[in-house]
1. Tell me which aspartates and glutamates have Cα within less than 12 Å of residue 515's Cα, excluding those fewer than 8 residues away on the same chain?
2. Which peptide among 185-198, 50-63 comes first, and what is the full order, when sorted by highest mean count of other Cβ atoms within 10 Å?
3. Which aspartates and glutamates have a Cα lying under 19 Å from the Cα of residue 478, excluding residues fewer than 8 positions away in the same chain?
4. Taking region 52-169 as the region of interest, what is the percent of Cα-Cα pairs per 5 angstrom bin, listed from the shortest bin to the one with the maximum distance?
5. Could you name the lysines in cross-link range of residue 183, using Cα to Cα under 21 Å and dropping any fewer than eight places away on the same chain?
6. With volume of the Cα convex hull per residue in Å³ in mind, check (i) 207; (ii) 175; (iii) 305 and report the label derived from this structure.
7. How far apart, in nanometres, would the label points at residue 394 and residue 377 be if each is projected 7 angstrom from Cα along the Cα-to-Cβ direction?
8. With no solvent and one point on each alpha carbon, what is the Debye value of log10 I(q)/I(0) for region 32-233 at q = 0.10, 0.11 Å⁻¹?
Amino acid sequence: MLMLACSVVFLTQNVLSKTQTKPPEKAAAPLPVLEVPILNGNVAVDGVLDEAAWRVPPLPAGEWLTYNPLYGAKMAQRTEVWAAHDQDALYFAFHCMDPEPDKIKTTISKRDTIFNDDWVGLSLDSLGSHQSSYEFFINPDGIQMDMLNSSTAGEDTSPDWVWESAAKRTDDGYAVEIRIPFKTIRFAGGSIVRMEVLFWRRVSRLGMSASWPDLPPGISWFTRHAPLILHEVHRPLTLEVIPNVTYSLNQTRSAPDQWASDSNPDGGITAKYGITSTVTLDGTYRPDFSQVESDAFQVEVNQRYPIFYSEKRPFFMEGMGTFDLAGVGGDANMRTAVHTRRIVDPLFGLKLTGTVGKVTFATLSSADQWPGNTDPSDPLFEREKYYNIGRALYSLGKGTYIGGLVTDTELADGYNRVLAGDLSLQFGKHQQLSATAITTGTRDSDGSNERAGMAGQASYSYSSKRQILLTQFEHYDKDFQMDTAFYNRTGITANWTYYSYNLYPDEKNYPWFKKFAPFVWFHTGRDRIQKGDEYILLGGVRMNFTRQGSFRIDYAGGKEPWAGRSYDISQIRVMGGAQLFPWLNIFGYFTSGKSIFYDPENPFAGDSRYLNAVVTLQPTSKLSQAISYEGVIFNRASSGERVYTVDIINSKTTYQFSKSFAARAIHRYDSSRSNVLLDYLVSYEPVPGTVAYAGYGSMFNRQDWDGTRYVPGHNDYVNTQRSLFFKFSYLYRF
């Protein structure tokens, strides 16, 4: 990868002298109205386009144009789309042509893991609200990927909708059929039903994605959906019930020849009811919050900011993007306004979500049993923490809104109450503006120490084919506290600005080189907790190639305050990856520079190096092997003394017997914790909600027996924990 980068840099002067000239902008033509006929006969969702519904002319979609990594190019891979509906479902069929069909990349894999494959799909704004859409993707083996896209949080992969798909390889590419039940989506029924749709396709070996209608840079995707008209469709009853049963047997080694056992049978129920065609109530009691996928090991040594772990629990995952505020994520201080991993051990949960006219709303209530513990002397013994969250958005147009968020957490005699408002606007074709204001009031659980805080942000973006400009100002008081959110720090006032200029090499002479983008990023601010000013100036370049290839190199330098002192910091960073062959994907990330040992009492300057490398092998369409290494070294700057070394090795092997049945093995080693994890799982998932899991996990730690108990040691690894796990749930859809 480094040799490739050097070659690219050497050729850059010649390549960029022949960049494509920018064509004059044309006024956007009105999008055609897509009339969806009522289905005559049945459709067998088998990937074979032999039904009468697909023997008519395809939808009048125009030329598909690329949108990633470059905009406006045509591809040799043509796509035809058909649509039809009956009283129960909406159907789509795709004929994906390819002049080199033997080079199509596809796998039989777990749901939502097909991003590196070829795929085709659609974005369906079923309410025509221009604020959210359902996204459905299918690879040439019929494996599904689905997302919820919202104007507040962008694409969210956590929801799993109930829908059908099938695909078949053909002599000239592949064909796909999709069936989307009307029970799965929200829409306003009637004699004429208006939805909006956008289609897209990925060609893996080119590293290119195309769409119809086209997606110009800087414009909200919700402005580019084409009208989709259905006739005489009425919302069916939506009622789902998912009972679940789990059983776990956990054992902890209490002596060299003894194990302490704890068995935990449990059961619960989750239900969904469509109150109206656009409003849904979700509820759960003693929910199944078992985590089938364990959290990945991360480097936790000498971290200034808290470690983020993604939500994995189905009830909380679905539709949570609605709760986010404008301006969170990315380089912002706040990653998300509602981080449900803070609800550790919920007893129940209730969600009400929907759209009425131009208003989209969502509420969440839950009781967390975690704060109460088994020690009767603890003031929080058997006390529960209650979470109540409300969110509303009023649409101001396609992809723009004004909104509000209210959160309240209650624990014993304490509380945390938050009121927030946000605004997201789009100006013309390329500019966006967002602003957020948050006020908080907090009292400790013993009824003492009341305090209040404020926070806010304002951000601006300009994005076109050639240029990207992003800037954000944000402020957080020292006493700001938001129990539902995940954020890095308080007591700061800061600004960051990013600028990138995109250059597109001559495709005829350099078909493998797609984009060259030099960029600069500048951050400055005041940290009132650490009592100092900070700034960072970073500059670098990004490149995109075929085979999903990418390369980035940058250098940063500046000042960072910590514990009342100011430290010089610097970092050189190199990263890149590519799908070298259909069976081999590689990724690498390396940093080196001056850093800080974040001890509040005795901090010091240091030199650090970090390396992350991932190799993914796909020897057959069903077998996947991913091996990753993550390592960090930190030396004291004044003496060169080694302060710490961390090595994390992870191996994940997956064999997908069919779309529904899979076996997975994870082996992990973490030198900082001196432990090894072995984790095995067999899963059967015919549809979301109906699942059967059987798993076994075992933890090994380097410990010594001192005669009465185990203590950290330097001898052999000892099997200290092991567990057996079973789960079953079944979706009843009435």
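What follows is calculated from the coordinates using simple rules that are stated; it is not laboratory data. Everything quoted here is computed from the prediction, not taken from an experiment. As a convention, Cβ positions derive from the backbone with ideal geometry for all residues, glycine included, and neighbour counts pool all protein chains shown.
1. List returned: 506, 507.
2. Numbers: 185-198: 18.6, 50-63: 14.0.
Sorting 185-198, 50-63 by mean packing, highest first, produces 185-198, 50-63.
3. 444, 450, 527, 533, 534, 560
4. Calculated P(r), rounded to whole percents: 2, 9, 17, 21, 24, 17, 8, 2, 0.
5. The reachable lysines, counting only those whose Cα sits under 21 Å from residue 183, are 272, 351.
6. Given (i) 207; (ii) 175; (iii) 305, the calculated one carries the label (ii).
7. 5.5
8. Results for region 32-233 at q = 0.10, 0.11 Å⁻¹ read -0.38, -0.46.
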